[in-house]
Amino acid sequence: MKKCVIVSVAPIRREPSDKSEMVSQALFGERVQILESQEKWSMVKMEADGYEGWIDNKQLGVHHSMDDSVMLCNAISQCTMENGDSIFLPSASHISSAVKCNTDQTDWDGSSIALESCARQFLNAPYLWGGRTILGIDCSGFTQLVMRLNGKVLPRDAYQQAECGVTVNFIDEAQTGDLAFFDNAEGRIVHVGLILRQSLTDVHIIHASGCVRIDALDHEGIFNLTKEEYTHKLRIIKRIQ
């Protein structure tokens, strides 16, 4: 059975409990497949990226055809539902053509200019483990969202995203919109961000670390401009096509 999310943002939890860790979020209009159903909770699989977890049944509704759906591209939009109710929805929410938005939607085309502009609209969004909106977002949620708004599909977690795309062998060859991945002492990929290149020697990264911020990037990793120290060790750069 398929259902869709009927609230602006629904927590996806590791276990069927309000006290359980939030591992991701499902956005308004996103479709899910019900894998297991309990009285209050459903184990779901996200149609967009295959991510699995538990959602409160009250935040799910009957699946309707979304053939005429529109994906919202602005960081946050105020919309008017078919019944006249007002609702604020985050980017990547899916609405039917009958829902009206109070602002024009930006059309991101996947170019390097669009990727940078799209990423910058999330600047200063607070870090939130499992988050996928401007009100709280984690590193892989940020890169997945920016790519999705530009027509590029990525899995949910950083280590999964690192398996996508084409490897860029040297940072000198990196372009705006490439993804940089970082590992820990055990060699496990634990962080990701989007490269912003202004010139041959001016390379930065926009990433979610405390908040969505811009820091310097070189062959060693991320140099935090506030702390004046390296915070993440570069592992690999990928170009998502």
Can you run down the residue pairs with Cβ atoms below 8 Å, 6 or more apart or on separate chains, where the first is in the range 8-35 and more than 24 Å from S77 (Cα to Cα) and of a type in the set (S, T, Y) and the partner is modelled with pLDDT under 95 and open to solvent by less than 10 Å² (accessible area, probe 1.4 Å)?
none
The one condition D172 fails out of (1) at pLDDT 95 or above; (2) over 18 Å from the mean Cα position of the chain (by Cα) is (1)
Has the range 161-176 got at least one residue that is in contact with a helix residue (DSSP H, G or I) (Cβ under 7 Å, 6 or more places away or on another chain), surrounded by 11 or more Cβ atoms within 10 Å (Cβ to Cβ) and small (G, A, S)?
no
If a residue has to be open to solvent by 50 Å² or more (accessible area, probe 1.4 Å), touching a Lys or Arg at 6+ places or on another chain (Cβ under 7 Å) and at pLDDT below 95 to count, how many in the range 48-76 make the cut?
2
The range 214-229, residues that are open to solvent by less than 50 Å² (accessible area, probe 1.4 Å) and part of a strand (DSSP E or B):
I214, D215, A216, L217, G221, I222, N224
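Okay, residues lined up against (1) under 17 Å from the mean Cα position of the chain (by Cα); (2) among the small types (G, A, S); (3) part of a loop (DSSP other than H, G, I, E, B); (4) over 18 Å from G141 (Cα atoms):
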site	(1), (2), (3), (4)
K3	no, no, no, yes
V7	no, no, yes, yes
K19	no, no, yes, yes
V23	yes, no, no, no
G29	yes, yes, yes, no
Q33	no, no, no, yes
E36	no, no, no, yes
M43	no, no, no, yes
Could we say that L179 is touching a Lys or Arg at 6+ places or on another chain (Cβ under 8 Å), under 26 Å from E30 (Cβ atoms) and at pLDDT 95 or above here?
yes
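Can you tell which of H207, H232, H191 is surrounded by 19 or more Cβ atoms within 10 Å (Cβ to Cβ) and either among the basic types (K, R) or more than 16 Å from the chain's Cα centre (by Cα) (or both)? Quick ask: steps written out before the conclusion?
Numbers: H207 fails: either among the basic types (K, R) or more than 16 Å from the chain's Cα centre (by Cα) (or both); H191 fails: either among the basic types (K, R) or more than 16 Å from the chain's Cα centre (by Cα) (or both).
After applying the criteria, what remains is H232.
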Which of (1) at pLDDT below 95; (2) surrounded by 14 or more Cβ atoms within 10 Å (Cβ to Cβ) does G84 not meet, given it meets every other one?
(2)
Subset of the range 194-204 that is open to solvent by 30 Å² or more (accessible area, probe 1.4 Å) and in contact with a strand residue (DSSP E or B) (Cβ under 6 Å, 6 or more places away or on another chain) - its residue that is nearest to A125 (Cα to Cα):
H204
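The values are calculated or read from the model by the stated rules, or taken from the named source; none is laboratory data. Nothing here was measured: the structure is a model prediction, and the numbers come from that model. When we count neighbours, we look across all protein chains shown, and the Cβ atoms used for this are built from the backbone with ideal geometry, even at glycine. For accessibility, only protein heavy atoms count, side chains too; no ligands or nucleic acids. Shrake-Rupley method; radii C 1.70, N 1.55, O 1.52, S 1.80 Å.
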